[in-house]
Amino acid sequence: MGKTMDAATLIELYQSGDRNFSRQDLSGIVLTGATLRGINCTEGDLSGAVLDLANLEEAELNLANLMDATVSGSILNFANLNGAMLQRAAMIGVTCEDAFLIEADLSEAILSEANFSRSFLTGANLTRARMQRSRLSQAFLTGASLNGANLSGADLTAADLSRANLTGANLTGANLSRANLAGAKLNWANLTHANLTDADLTGTYLVTMKGIYLGAVPLPPEPVLPSLQELEQLEQQMNRQPNQSEPRQPVGPVEQVPDPAEDLGDP
């Protein structure tokens, strides 16, 4: 990386048709509201950059450094952010549908009300990320780290969270209907009022100190075990039944018991 490029130079080059800004030092650059669709900033340094309300659709930002950047309200649909470093980035209300964030680091990022529908976040690090009311329907979060993340009110409908780590995550009121949680870790997660209708919980780790809240999950009925009294009555009934395997003994004549009244004479 050479000298830091200023915003005016970048916009002038972009408008002239240049799209390749890979490995450029763009740290701290202010590009609020800029239209930079399809820009290539692969492995670029955009740490601390201000990209609020920018149009970054189809941008190439894989392996880029966006730590502490602000990207709130921006459009990142179909963008490539694989392996990008987005620690502590502010991405409030960002639209990032059908994007690629495989193994991206979004730890402690602010992602409230962000839209990641159908995006690929496989193996992404979202530890302690703030994702309140975010939209992640049909997103791919296989093996993602979401431990300690705040997903209260988030829409995770039909999301793939298989083998994801949600230890200690806040999923209060989250919609997890039809989500794939096979092999996921939900230890100490808060699932109060969460909707888990038709969710796949195969092999899910649900150990918690506070109790598990499974919302609308259709759980199988618990088996009704007979009481001790019912067991004793059943045993008595079985003992009264004749043993069909053994021949019955012939019944002899019944001894007549004399009536005591007949032995009494007249006084």
Solvent-accessible area of ILE39 with every protein chain in place, 1.4 Å probe, in Å² to the nearest 10: 0 Å²
Cα centre as origin, Lys/Arg/Asp/Glu Cβ charges: the stretch 1-117 dipole, Debye: 180 debye
Probe 1.4 Å, accessible area per residue of the stretch 23-160, Å²: 34 Å²
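May I ask for the equivalent-ellipsoid semi-axes of the stretch 1-81, computed as the square root of five times each C-alpha gyration tensor eigenvalue and listed largest first in whole Å?
15, 14, 13
First check a/c for the stretch 49-193, with a ≥ b ≥ c the square roots of the eigenvalues of its C-alpha gyration tensor; if it is under 1.5, answer rounded, and if not, answer prolate when a/b is larger than b/c or oblate otherwise.
Values: a/c = 1.66, a/b = 1.61, b/c = 1.03.
Prolate, because a/c is 1.5 or more and a/b exceeds b/c.
The values are calculated or read from the model by the stated rules, or taken from the named source; none is laboratory data. Treat the numbers as computed from the prediction; the structure is a model and nothing was measured. Glycine gets a Cβ as well: all are built from the backbone with ideal geometry, and neighbour counts include every protein chain shown. In case anyone asks, the SASA skips ligands and DNA or RNA and just uses the protein heavy atoms, side chains included. Shrake-Rupley method; radii C 1.70, N 1.55, O 1.52, S 1.80 Å.
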